[in-house]
Amino acid sequence: MIELRALTESRQFQEAVDLQKTVWGFNDVELLPVRLFVVATKVGGQAFGAYDGNEMVGFLLSIPGLKPGGASYLHSHMLGVLAEYRNRGVGRMLKLRQREDALERGIGLVEWTFDPLELKNAFFNMERLGAIVRRYVENQYGTTTSPLHGGLPTDRCVAEWWLASPHVEAVLAGRSPSRTVEERGILERIEVPADIDIIRRAEPRRAREIQKSLGARLTSAFDRGLAVIGFERSDRVGTYLLGRWKCGSNA
């Protein structure tokens, strides 16, 4: 039985720091420190932990953000789950708790970045949560020490989670993923090899070419007013599905 808890004590924050080392393999200099968790929870951010008994098996940290014009949102900076607890719904539990807390406080938007080459994350973000993407950022964090990043530039997509939109509510209710491409209004499809994780480890130069091509195609689509509104998976490829988006539409 997994229990979600708001993180409020230094001991809990240190558990989250330790979990970062296990999940990402960062050097100490790249870890989010305890003091950042302290500050985030004092200024309107969020810190939640997922526990199996007394063991933290996952955590989420977000910080408050401000859009031009003064609109507030949450930037979900980090979510990590121990390998043996993945594919068991822990990440989704943490995101749903984040959504519940944000809506209770009148916050309608949560954003985060993700590696577009991590196809399981892309599927999770679009098909399990209902996030959309309209921005691509090259080398957001520079080259890191995490073996998960494979030495590639940290190119990132920016996920937008419009918490109360009909689109999100449909996805969370399990309706949107079953809809056909035609019903969703998909105008463009961008494919990534399903074995990109193997390519990243064995053929870094080829992986970099795939990364650059994906970035160029997504950026071009975003410049033309399209957004990623869905994601499909097969044994051969992962496919970003792009169409028109207006906040509150595409339900």
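Among the residues making up the stretch 4-35, a single one is at pLDDT below 95 and hydroxyl-bearing (Ser, Thr, Tyr): Thr22.
Provide a single number: the residues in the stretch 19-46 that are in a helix (DSSP H, G or I) and in contact with a helix residue (DSSP H, G or I) (Cβ under 7 Å, 6 or more places away or on another chain).
The total comes to 4.
Residues in the stretch 47-83 that are under 24 Å from Cys157 (Cβ atoms) and either among the basic types (Lys, Arg) or part of a loop (DSSP other than H, G, I, E, B) (or both): Lys67, Pro68, Gly69, Ala71.
Within the stretch 108-128, the set of residues being of a type in the set (A, V, I, L, M) and surrounded by 21 or more Cβ atoms within 10 Å (Cβ to Cβ) comprises Val110, Leu117, Leu119, Ala122, Met126.
All conditions in (1) farther than 21 Å from Gly151 by Cβ; (2) free of Cβ contacts under 8 Å to residues at least 60 places away in the same chain hold for Leu19, with the sole exception of (2).
Filtering the stretch 159-175 to residues that are in a loop (DSSP other than H, G, I, E, B) and either buried (at least 21 other Cβ atoms within 10 Å of the Cβ) or in contact (Cβ under 8 Å) with a residue 40 or more places away in the chain (or both) leaves Leu163, Ala164, Ser165. Scanning the stretch 98-132 for residues that are outside any helix (DSSP H, G or I), within 16 Å of Glu232 (Cβ to Cβ) and not hydrophobic (A, V, I, L, M, F, W, C) yields Pro116, Glu118, Gly130. Residue count for the stretch 66-87 under the criterion of being buried (at least 16 other Cβ atoms within 10 Å of the Cβ) and either hydroxyl-bearing (Ser, Thr, Tyr) or out of contact with any Pro (no Cβ under 8 Å at 6 or more places or on another chain) (or both): the result is 9. Taking the stretch 129-169 as the range and being modelled with pLDDT of 95 or more, out of contact with any Asp or Glu (no Cβ under 6 Å at 6 or more places or on another chain) and charged (D, E, K, R) as the test, the residues that pass are Arg134, Arg135, Arg156.
The values are calculated or read from the model by the stated rules, or taken from the named source; none is laboratory data. Being a predicted model, the structure only gives us computed values, none of them experimental. Note: ideal-geometry Cβ built from the backbone for every residue, glycine included; neighbour counts use all protein chains shown.
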